[in-house]
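Working notes for the structure below.
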Amino acid sequence: MLKFVIFFVLTLCLNAFDYHLMPKKVAGGVYCFFGKLENISKENAGNISNSCFVQTKEGFVVIDSGPTYAYASQAYAQMQKIAKLPVKYVIITHDHDDHWQGNSFYKSKGALLIGPRTYEQNVVAGMQTRIGRILGKELYGKTKIVKLDTVVDNNLTLNIGKEKFEIKQLEKVAHTKGDLIVYLPNKKVLFSGDLVFNGRLTSLRDGSLLGSLDALKKIDAYHAKVIIGGHGYKTDENASKALEAYLGEMQREVQQALDDDVGMEEIIKKVSMPHYKDVKLYSVLHARNVLDAYRELEMLDEDDE
């Protein structure tokens, strides 16, 4: 009885927050944990982005490790229910902290970490992350920042257990300055990271409206049967269309406003795009997206003069 009590207490301490992770199979050997369509909070413990894994004969490959050490440890426990295999690689799609803070758990299991140059540039040991600040020490727990084993500048191909993983940066600046996609040509499955959102709005704060649109066109050119975004539940071949429509409309409306000499102080009212008001996080992100788009397109207009 005493041993059971000790085990229960230790388990409670290690996993103070239960993420209730249940993997969803999206293709043969491909599974995802889908995050909530909301902002980071203590109530969700950072569980707002999608984290996926691919089963191969040699082991698992994880795409984006999630928001905390505890999240990754619980994800790993679910993987082991599917197959008793090691995690060979973890591929990080970009440097936003809701996607990679499970890295230290997988590192402790011997996995090799792969990610973009911007991770190496912007993620520094000992720094306070947005998630760490919001969650606090108890929920952040054993989460630590660890270095990558391999940095991808343009592209990299891995062959693991007869499965090919094509890792590529499509644009210099899109959602961020270092977005990677992961494409499985044998399965026609594409992991887009935050180049694709659906069910909620994206943020342009670290990226480029035009770069995002160009990246989406390149994603379309793959003709993938399954497209898994960084946020959102839609995973079919049309998963990128909602974001393309939103950003394309924003580009047209902001450019028209610039042509009509609408100033920055009026642009948010001019480009309100009210039919998107019911999309999650509209009230939080849309106005800022419009301002970011305005600044980007305005600079292009000035360069053309």
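Descriptive notes on the structure:
- Qualifying residue in the stretch 154-163 (condition: modelled with pLDDT under 95, within 21 Å of residue 120 (Cα to Cα) and of a type outside the set (Val, Ile, Thr)): yes
- Residue 196 fulfils the conditions (1) farther than 18 Å from residue 34 by Cβ; (2) assigned to a strand (DSSP E or B) except for a single criterion, (1).
- The condition of being within 20 Å of residue 32 (Cβ to Cβ) and under 17 Å from the mean Cα position of the chain (by Cα) holds for only one of 207, 229, that being 229.
- Taking each residue of the stretch 86-104 that is closer than 11 Å to residue 66 by Cβ and looking for partners that are acidic (Asp, Glu) with beta-carbon atoms closer than 7 Å, six or more apart or interchain, yields 92/64; 99/64; 100/64.
- The residue list 42, 36 contains one member that is more than 21 Å from residue 193 (Cβ to Cβ), of a type in the set (D, E, K, R) and at pLDDT 95 or above, which is 42.
- Filter result for residue 171 (assigned to a helix (DSSP H, G or I), out of contact with any Phe, Trp or Tyr (no Cβ under 6 Å at 6 or more places or on another chain) and more than 30 Å from residue 57 (Cα to Cα)): no
- Within the stretch 126-138, not a single residue is in contact with a strand residue (DSSP E or B) (Cβ under 7 Å, 6 or more places away or on another chain), more than 20 Å from residue 230 (Cα to Cα), surrounded by fewer than 19 Cβ atoms within 10 Å (Cβ to Cβ) and not basic (Lys, Arg).
- Sole exception among (1) over 19 Å from residue 239 (Cβ atoms); (2) without any contact (Cβ under 8 Å) to a residue 40 or more places away in the chain for residue 213, by number: (1)
- Counting the residues of the stretch 140-160 that are surrounded by fewer than 17 Cβ atoms within 10 Å (Cβ to Cβ) and either assigned to a strand (DSSP E or B) or on the phi > 0 side of the Ramachandran plot (or both) gives 5.
- Test: residue in the stretch 48-62 that is surrounded by fewer than 24 Cβ atoms within 10 Å (Cβ to Cβ), of a type in the set (Lys, Arg) and assigned to a strand (DSSP E or B): no
- Filtered residues of the stretch 122-138 (kept if under 26 Å from residue 61 (Cβ atoms) and either without any contact (Cβ under 8 Å) to a residue 12 or more places away in the chain or touching a Phe, Trp or Tyr at 6+ places or on another chain (Cβ under 9 Å) (or both)): 123, 129, 131
- The set of residues from the stretch 32-43 being touching a helix residue (DSSP H, G or I) at 6+ places or on another chain (Cβ under 7 Å) and buried (at least 20 other Cβ atoms within 10 Å of the Cβ) comprises 33, 40.
The values are calculated or read from the model by the stated rules, or taken from the named source; none is laboratory data. Please read all numbers here as calculations on a predicted model, not as lab measurements. Ideal geometry is used to build each Cβ from the backbone, glycine not excepted, and the neighbour counts take in all protein chains shown.
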